[in-house]
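Just so you know, all these numbers are worked out from the coordinates, no wet-lab data involved. Predicted, not measured: the structure shown is a model, and the values here were computed from it.
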């Protein structure tokens with residue numbers, strides 16, 4: 001299996017090819033991805049999928065000692081975002097719907113998020129994501145819609 005560092009360098013090579021000199025206008029990696037200690041595990045541009053993992057940190061705990069649902073949602077968004085940047089024009093999350101199945105417990109060590117593009121229709125991108133434990137138990141599923149933006153007017 002390739003290292004996470006190799007996958008990250010592969011990802012940045014694709015970004016450099018896509019954005020060229022304009023890459024300096026973006027924050028790669030996003031500060032929140034770094035803060036959550038995200039690691040890219042697998043990138044498949046042809047099939048529109050990306051897999052990443054995130055540690056289950058004590059600071060992410062809810063009162064029950066498991067990973068707070070909002071942190072799981074942030075991990076999903078932090079996986080969908082890098083995938084969407086690679087496969088589509090600039091876009092933003094429009095909706096994110098998560099269905100939780102089991103808690104992410106500290107003894108798991110980390111969660112794995114597998115994101116995939118289902119369809120692009122006009123200005124919309126339709127994604128799914130699955131959150132699993134390291135041994136493959138489903139913890140949550142997600143549906144998301146991203147909206148392709150007019151990059152020239154986004155910051156004005």
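Data table
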| item | result |
| --- | --- |
| Per residue convex hull volume, Cα atoms of the chain, in Å³ | 124 Å³ |
| Kirkwood Rh, angstrom, the stretch 1-69 [1 / mean 1/r, Cα pairs] | 13.9 Å |
| Helix axis angle, 4-19 relative to the chain longest principal axis, alpha carbon, degrees | 30 degrees |
| The chain: angle of helix 69-87 to the longest principal axis, Cα-based, in degrees nearest 10 | 30 degrees |
| The stretch 113-133 versus the stretch 25-63: alpha-carbon centroid distance in Å | 15 Å |
| Gain in span if fully extended, residue 16 to residue 120, counting 0.36 nm per residue against the direct Cα distance | 35.1 nm |
